[in-house]
1. So if I check each of Leu105, Leu88, which one is more than 24 Å from Gly148 (Cα to Cα) and open to solvent by 10 Å² or more (accessible area, probe 1.4 Å)?
2. Scan region 120-156 residue by residue and report those that are in contact (Cβ under 8 Å) with a residue 60 or more places away in the chain and in contact with a strand residue (DSSP E or B) (Cβ under 9 Å, 6 or more places away or on another chain).
3. Which of the residues belonging to region 1-36 are surrounded by 16 or more Cβ atoms within 10 Å (Cβ to Cβ) and part of a loop (DSSP other than H, G, I, E, B)?
4. Is there a residue being touching a residue at least 12 places away in the same chain (Cβ under 8 Å), farther than 29 Å from Val16 by Cβ and of a type in the set (D, E, K, R) anywhere in region 84-96?
5. Out of the strands (runs of 3 or more DSSP E) lying entirely within region 51-167, which hold 2 or more residues that are not aliphatic (A, V, I, L, M)?
6. Could you check how many residues of region 59-79 are buried (at least 24 other Cβ atoms within 10 Å of the Cβ) and hydroxyl-bearing (Ser, Thr, Tyr)?
7. Yes or no: region 37-58 includes at least one residue that is surrounded by 17 or more Cβ atoms within 10 Å (Cβ to Cβ), at pLDDT 95 or above and touching a Pro at 6+ places or on another chain (Cβ under 8 Å).
Amino acid sequence: EYIEVAVPEPRSFAKVKLPKVLMEADVFVDLPKLKNNHVLGSGALTLGIKSKLGLIPQEDRSLIHRTPVDMAAGCCDIAKAINHLHRLTLIDGVYGQEGCVHYGLVARPGIIVASPDMVAAEAVCHAIVGYHPLESPCVQIAMKDGLGTGDLSEIDILVQEFKASIF
């Protein structure tokens, strides 16, 4: 069941349909997978901001599937509508994907990135894989919309090594 939710200072959607159960939740924790997405432009990753697209009905997604900037603006609108619920973005980069959107080579960056700031988590992942975070349309628009920072000089990065065991 979906309910309409107003988007503060919208770029693409004045209102978005979001799951009622989500809007009744106490918190939202996002668990995106680390992967490239050439739909968002070269040097762009599909992470916590783009994952918000999965929250709206399929038929509403085509409205922003035109350009990388349209996609980023629409995903940021969805993020703004649930920002009051967002507590953590945890990006799984133990294994990742490089190449095209739904297929590509398996990469093994061996990382997990976590932050209460969804934009900071996204920016750090861009830097780790060799992209400049401020060249990402998602990071740029999210910063302009006040969703967080993508400026690495403003982010405290704590590195903790771990050993992943995959059977």
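1. Answer to the check: Leu105.
2. Matches in region 120-156: Ala121, Glu122, Cys125, His126, Val129, Tyr131, Ser136, Cys138, Leu147.
3. Once the filter is applied, which keeps residues that are surrounded by 16 or more Cβ atoms within 10 Å (Cβ to Cβ) and part of a loop (DSSP other than H, G, I, E, B), region 1-36 yields Val7, Pro10, Arg11, Ser12, Phe13, Pro32.
4. No, every residue in region 84-96 fails to be touching a residue at least 12 places away in the same chain (Cβ under 8 Å), farther than 29 Å from Val16 by Cβ and of a type in the set (D, E, K, R).
5. 86-99
6. Summing the residues that are buried (at least 24 other Cβ atoms within 10 Å of the Cβ) and hydroxyl-bearing (Ser, Thr, Tyr) in region 59-79 gives 0.
7. yes
Yes/no per residue for (1) within 12 Å of the chain's Cα centre (by Cα); (2) surrounded by fewer than 17 Cβ atoms within 10 Å (Cβ to Cβ):
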| site | (1), (2) |
| --- | --- |
| Met118 | yes, no |
| Cys125 | yes, no |
| Gly130 | no, yes |
| Pro133 | no, no |
| Cys138 | yes, no |
| Ala142 | yes, no |
| Asp145 | no, no |
| Ile155 | no, no |
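The values are calculated or read from the model by the stated rules, or taken from the named source; none is laboratory data. As the structure is a prediction and not an experimental result, all values here were calculated from the model. Backbone-built Cβ (ideal geometry, glycine too); neighbour counts: all protein chains shown. Note: accessible area is taken over every heavy atom of the protein model, side chains too, but ligands, DNA and RNA are not part of it. Shrake-Rupley method; radii C 1.70, N 1.55, O 1.52, S 1.80 Å.
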